[in-house]
Amino acid sequence: MLHVGTTLQPLLKPIWLFFTTAARSFTDRRVSLWFALVGLVGAVLVTLVWLAGRYEASQYQAELDRDTSDAASDIRRSFSRHALSLQSLNAKSLSQKNWLSDVEVLLSQNREWLRVEKRDLQGLVSVFVNAPYRTPLFETNVRLNEQAEIVQTCQRAKRLNGPAYSRTYFVPQSSGIGFEVMEMCLPIIEHSITVGYSVLTYSLQEILFAQLGETYGRRNEISFVEPDGTRLAVHGTLPRSKRLFTATQLMDLPGNTLMLRMDGRRAGPDLFPNVLPALVTAMSIALVSVLVLLVKDSRRRLKAEQDLADALAFRKAMEDSLVTGLRARDLQGRITYVNPAFCQMLGFKAEELLGASAPMPYWPSEMAEEYQQRQAVRLAGNALSREGFESVFVRQDGSRFPVLIFEAPLINVLGKQTGWMSAFLDISEQRRVEELSRASQERLQATARLATVGEMASLLSHELNQPLAAISSYATGSLNLLHAQQRPGHLTDQHDLRDLQMALEKIAAQAGRAGKVINSVHDFVRRRDQDREAVSPQALIDAVLPLVQLQARKLSVRLEIKLEERLAPILCDRTMVEQVILNLARNGMQAMDHPACHQRTLTLQIKKAASNLAHGWIEFAVIDLGVGIAADVAKNLFTPFFTTKTEGMGLGLSLCRTVVEQHGGHLEFEPFQPCGTLFRFTLPAASTV
Ligand code: ADP
């Protein structure tokens, strides 16, 4: 496998490189693709508009071509009609006078006719008629310049036995202008023999005017041109600014070829020559607009995609960096999601957990059933506590640890529940710290107790002095009596024996008293029962009273005990509560150890608490008539190691408060009237009376 992997590596590297480069240039490519698309659409639209314009122009050109060819055939038709008129005139064999008058009529009817001649076979003019209302074209009846041309044309006509046309030529006039003219020669045939010719002179200009002016002259400029473009005759004019379309048509006449040209007047070059290009342009604009909208939309989409990717990346980073384990389950209890912190907490891989359902692989086997029931209750939709609940999980390596679980229903966007979401906190460290704090608290309490014991010891020695001194003096007295008895000559009488008995009784009483004192201290020191028990308030007072009295006697304080009747027993850690009472009593008595305090009474008061009656709480109050507590001292009263006394440790009150609060109670103080301080605390009753 390794071998294959290493041989494939050089091969895969370029492919990988290609894909990464492709991915990187993806955005650039997308931009250039858009540019290409916009360019293409632009090019297509311009081409379309251009083609539409061209189509329009070609349509017009075709129309002009058609018109030109129609015009040519119109002229041709009129030529043959003219030839026919002349022919019929010749066929009538009219007298010269009649011929002349008929020709004159024809000349006046056809304004393109300039002159009609009759010629003999040699080509000489025998008779001619000029067009009326017009200056005669030629001064004489012989046209020497054109003679050769006419003769040639007439010979062609004779050969064709029909009309023949001469080449066109210019006839200048005395007024300065002139005419471009063309001759038509028609043989005169009598009994199938050509006896002469009729020659008709056409004005080219007038042909255009008479034959085409009406039909085509309004919109076009019509002209006869030579092959090199020279205009022979023109009719109509064209405005300069208009676009010009030109069509030419060759008119093949026997003996001559005329070129008819038509220049079209055209409203161009307009951008929108007609509806089609306008339509195409409108569609193009619409297309471009749609394209722009598409680009905008695509840009918006891209941005949304980017935002979504960012949000997803942020969510992923957030989930990955969370120290809280997260797990989602569907409504059937199957795991659908776990975050890395959850996997790390348990030592399982995500794949091992996904899809798992009860019993979960991280449940302790002996508790699986209990957990399953608990889960069933939760899945049944019972209200979940917001505080969370504690549980124990097993890591993959078998070690167990406590977790705090918070569960909440998983609600989708439609507001429908799709499962459950749970957050897990590994609280092993928290538990360890709590344990440490509890241990140090206990050590602190033990230290405080030892301090009390030390104090007790000094009081004890003072207290024991009296009985011991009494015992010692009684014992000395008794010994003296016994020595006297042993002296020779001394008689033992009843009186001596009674004295001895009394002394021994006193010794026993004093020893008993000393023993009691020692026992009370011993009891206090020895007893260390952590468990809570129901203790009657009276028993608590009885236990601490000997010790309180020790100090009271020393400081000349009067004790007053006020115990309400029929009080319920208290559920407490007896030793600690005794310590609290002892501390408060000792503080109170010390506060009264001042020359200013004349009335030295310490009151211990126990009664039912005014508030919390329903739960049955007992209130303890320790009232002294001492110097009271100054405001700056009051601020720090419960701070550990705060003391105003030279040998004080400053632990008493902070310890008292901890103990009372551990029992769920509350410790407070207030100034007492007329002087001194009242310390009050509450403890729970075992049951109401
Ligand atoms: P310690 O007795 O070792 O000084 P405590 O925590 O019991 O420590 O008391 C702290 C301080 O609070 C005392 O030093 C004293 O100044 C003040 N104090 C406590 N109880 C009383 C009281 N009943 N009257 C006046 N001052 C008091």
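Observations, loosely collected:
- Close pairs from the stretch 636-660: first closer than 21 Å to residue 570 by Cβ, partner open to solvent by 60 Å² or more (accessible area, probe 1.4 Å) and not in a helix (DSSP H, G or I), Cβ under 8 Å, at least 6 apart: 660/666
- A Cβ distance below 8 Å, combined with a sequence gap of six or more or placement on separate chains, defines the contacts here; from the stretch 310-339, residues that are free of Cβ contacts under 8 Å to residues at least 40 places away in the same chain reach residues that are among the acidic types (Asp, Glu) and open to solvent by less than 60 Å² (accessible area, probe 1.4 Å) in the pairs 339/319.
- Residue list for the stretch 128-140, restricted to those being in contact with an Asp or Glu (Cβ under 8 Å, 6 or more places away or on another chain) and surrounded by 14 or more Cβ atoms within 10 Å (Cβ to Cβ): 128, 129
- Among residues of the stretch 593-643, those that are of a type in the set (A, V, I, L, M, F, W, C) and in a loop (DSSP other than H, G, I, E, B), counted: 12
- Selection status of residue 172, closer than 24 Å to residue 71 by Cβ and at pLDDT below 85: no
- From 606, 581, residue being away from the ligand (no atom under 14 Å from the Cβ), modelled with pLDDT of 90 or more and open to solvent by less than 30 Å² (accessible area, probe 1.4 Å): 606
- The stretch 553-577 - residue that is part of a helix (DSSP H, G or I) and in contact with a strand residue (DSSP E or B) (Cβ under 9 Å, 6 or more places away or on another chain) and, of those, nearest to residue 662 (Cα to Cα): 577
- Any chance residue 59 is open to solvent by 60 Å² or more (accessible area, probe 1.4 Å), free of Cβ contacts under 8 Å to residues at least 24 places away in the same chain and of a type outside the set (Val, Ile, Thr): yes
- Which numbered condition residue 646 misses (of (1) part of a loop (DSSP other than H, G, I, E, B); (2) touching a Gly at 6+ places or on another chain (Cβ under 7 Å); (3) not aliphatic (A, V, I, L, M)): (2)
- Within the stretch 616-632, residues that are over 16 Å from residue 600 (Cα atoms) have Cβ atoms under 8 Å from residues that are outside any strand (DSSP E or B) and within 10 Å of the ligand (Cβ to nearest atom) in these pairs: 629/637, counting only partners at least 6 apart in sequence or on another chain.
- Any hit, the stretch 143-166, residues being open to solvent by 20 Å² or more (accessible area, probe 1.4 Å) and of a type in the set (Ser, Thr, Tyr): no
- Residue in the stretch 586-595 that is within 19 Å of residue 562 (Cβ to Cβ) and more than 9 Å from the ligand (Cβ to nearest atom) present: no
- Residue satisfying all of: in the stretch 72-117; in contact with a Pro (Cβ under 7 Å, 6 or more places away or on another chain) and open to solvent by less than 30 Å² (accessible area, probe 1.4 Å); farthest from residue 199 (Cα to Cα) among these: 107
- If the condition is being of a type in the set (A, V, I, L, M) and either within 16 Å of residue 542 (Cβ to Cβ) or open to solvent by 10 Å² or more (accessible area, probe 1.4 Å) (or both), then the stretch 584-603 contributes 585, 591, 596.
- Residues that are modelled with pLDDT under 85 and not in a helix (DSSP H, G or I), drawn from the stretch 206-225: 217, 218, 219, 220
- Scan of the stretch 643-671 for residues that are open to solvent by 60 Å² or more (accessible area, probe 1.4 Å) and within 6 Å of the ligand (Cβ to nearest atom), ordered by number: 644, 645, 649
- Residue match in the stretch 422-436 (condition: open to solvent by 50 Å² or more (accessible area, probe 1.4 Å), over 22 Å from residue 662 (Cα atoms) and modelled with pLDDT under 85): no
- Residues considered: 203, 192. Of these, the only one that is modelled with pLDDT under 90, hydroxyl-bearing (Ser, Thr, Tyr) and at negative phi is 203.
- Residues (open to solvent by 60 Å² or more (accessible area, probe 1.4 Å) and within 9 Å of the ligand (Cβ to nearest atom)) located in the stretch 612-628: 627
Table: residues versus (1) at pLDDT 80 or above; (2) farther than 30 Å from residue 57 by Cα; (3) aliphatic (A, V, I, L, M).
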position: 250; (1), (2), (3): yes, no, yes
position: 261; (1), (2), (3): yes, no, no
position: 266; (1), (2), (3): no, no, no
position: 278; (1), (2), (3): no, no, yes
position: 313; (1), (2), (3): yes, yes, yes
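- Members of the stretch 676-689 that are within 10 Å of the ligand (Cβ to nearest atom) and touching a residue at least 60 places away in the same chain (Cβ under 8 Å): 676, 677, 679
The values are calculated or read from the model by the stated rules, or taken from the named source; none is laboratory data. Predicted, not measured: the structure shown is a model, and the values here were computed from it. Glycine also receives a Cβ, built like all others from the backbone with ideal geometry; neighbour counts cover every protein chain displayed. With ligands, DNA and RNA removed, areas are computed over all heavy atoms of the protein, side chains included. Shrake-Rupley method; radii C 1.70, N 1.55, O 1.52, S 1.80 Å.
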